Amino acid sequence: DAGVTQSPTHLIKTRGQQVTLRCSPKSGHDTVSWYQQALGQGPQFIFQYYEEEERQRGNFPDRFSGHQFPNYSSELNVNALLLGDSALYLCASGFRDREQFFGPGTRLTVL
Amino acid sequence: AQSVAQPEDQVNVAEGNPLTVKCTYSVSGNPYLFWYVQYPNRGLQFLLKYITGDNLVKGSYGFEAEFNKSQTSFHLKKPSALVSDSALYFCAVRPTSNDYKLSFGAGTTVTVRA
């Protein structure tokens, strides 16, 4: 049984560009959350999707948007990239409101 | 205001000795509490959780945590540390059942020397 998977593993973009990150939840899970982890810090909550809708959002600007598909997979989109968006982006899945299981992350570097 | 505090940036112990990683929280009510571990260039792995019930929670890899409501603490413990326990440990809190956001502490780096 595969756990949470994310793609790509690494990504390099330049300022102003747009990026899409992808996540497939663990089998049987129906919620997907996204977190941003800057170097040397704990993860920060971006938003959570459930039943294809954004159920809760953290303190991130509208440049950060997402989507959940009928098969529960999810995308995170970031527009107008800033240098400060460089981070490890973590996807976490869960069943209903039980504990979340994290994927390996996507390392985004903005130049 | 920070919801979760991990007062120690680093913890160093000898293999075979007890390991404790401290966590305090500042959320009212009955929060859900979690511990995760992160190895280099990896995502977070779930260790254990406290929702309700017995204050001593047992988790993966021999870890356990003690919930203390009066001290608002949730310290992670392992009776006998292994070199392979060397990693970055995060405490996280979910304020209520209707708040799905996990708020993480800054992390504690554990080094277990042989």
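For region A:87-104, a residue qualifies if it is over 15 Å from B:Tyr36 (Cα atoms) and buried (at least 18 other Cβ atoms within 10 Å of the Cβ), and the qualifying residues are A:Ala87, A:Leu88, A:Tyr89. Please verify whether region B:29-47 includes one or more residues that are small (Gly, Ala, Ser) and at pLDDT below 95. Looking for residues that are small (Gly, Ala, Ser) and at pLDDT below 95, one finds at least one in region B:29-47, hence yes.
Look at (1) within 14 Å of chain A (Cβ to nearest Cβ); (2) over 15 Å from B:Thr108 (Cβ atoms); (3) not aromatic (Phe, Trp, Tyr) and you find that B:Ala14 fails only one, number (1). Scanning region A:54-84 for residues that are closer than 17 Å to A:Gln37 by Cα and either touching a residue at least 60 places away in the same chain (Cβ under 8 Å) or of a type in the set (Phe, Trp, Tyr) (or both) yields A:Phe60, A:Phe64, A:Val78, A:Leu81, A:Leu82, A:Leu83. For region A:26-43, the condition holds for no residue, the condition being that it is open to solvent by 60 Å² or more (accessible area, probe 1.4 Å) and within 11 Å of the chain's Cα centre (by Cα).
Filtering region B:97-114 to residues that are among the aliphatic types (A, V, I, L, M), open to solvent by 40 Å² or more (accessible area, probe 1.4 Å) and within 9 Å of chain A (Cβ to nearest Cβ) leaves only B:Ala106. Among the residues making up region A:76-109, those that are touching a Lys or Arg at 6+ places or on another chain (Cβ under 7 Å) and within 13 Å of chain B (Cβ to nearest Cβ) are A:Leu88, A:Ser93, A:Glu99, A:Phe101, A:Pro104.
Okay, residues lined up against (1) within 14 Å of chain A (Cβ to nearest Cβ); (2) within 11 Å of the chain's Cα centre (by Cα):
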position: B:Val4; (1), (2): yes, yes
position: B:Asp9; (1), (2): yes, no
position: B:Pro18; (1), (2): no, no
position: B:Val21; (1), (2): yes, yes
position: B:Gln38; (1), (2): yes, no
position: B:Phe46; (1), (2): yes, yes
position: B:Leu56; (1), (2): no, no
position: B:Gly62; (1), (2): no, no
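Yes or no: B:Val93 within 18 Å of B:Ala5 (Cα to Cα) and crowded, with 17+ Cβ neighbours inside 10 Å? Considered against the rule, which asks whether it is within 18 Å of B:Ala5 (Cα to Cα) and crowded, with 17+ Cβ neighbours inside 10 Å, B:Val93 comes out as yes. Scanning region B:1-18 for residues that are open to solvent by 80 Å² or more (accessible area, probe 1.4 Å) and modelled with pLDDT under 95 returns B:Ala1, B:Gln2.
Looking only at region A:72-87, decide whether some residue is of a type in the set (S, T, N, Q) and modelled with pLDDT under 95. Working first, answer last.
First, the residues of region A:72-87 that are of a type in the set (S, T, N, Q): A:73-74, A:77, A:79, A:86.
Filter once more, so that each one left must be modelled with pLDDT under 95: none.
Within region A:72-87, not a single residue is of a type in the set (S, T, N, Q) and modelled with pLDDT under 95.
In region B:19-36, how many residues are polar (S, T, N, Q) and either open to solvent by less than 10 Å² (accessible area, probe 1.4 Å) or within 13 Å of B:Val110 (Cβ to Cβ) (or both)?
Going through region B:19-36, the residues polar (S, T, N, Q) turn out to be B:20, B:24, B:26, B:28, B:30.
After this cut, where a residue has to be either open to solvent by less than 10 Å² (accessible area, probe 1.4 Å) or within 13 Å of B:Val110 (Cβ to Cβ) (or both) as well, the list is B:20.
Residues meeting the conditions: 1.
Taken over region A:64-86, the criterion of being open to solvent by 50 Å² or more (accessible area, probe 1.4 Å), in contact with a strand residue (DSSP E or B) (Cβ under 6 Å, 6 or more places away or on another chain) and either farther than 18 Å from A:Val4 by Cβ or of a type in the set (Ser, Thr, Tyr) (or both) is satisfied by A:Leu83 alone.
The values are calculated or read from the model by the stated rules, or taken from the named source; none is laboratory data. In this text, all values refer to a predicted model and were calculated from it rather than measured experimentally. Cβ: placed from backbone, ideal geometry, glycine included. Neighbour counts: every protein chain shown. Each accessible area value is taken on the protein alone, full model and side chains, heavy atoms only, with ligands, DNA and RNA left out. Shrake-Rupley method; radii C 1.70, N 1.55, O 1.52, S 1.80 Å.
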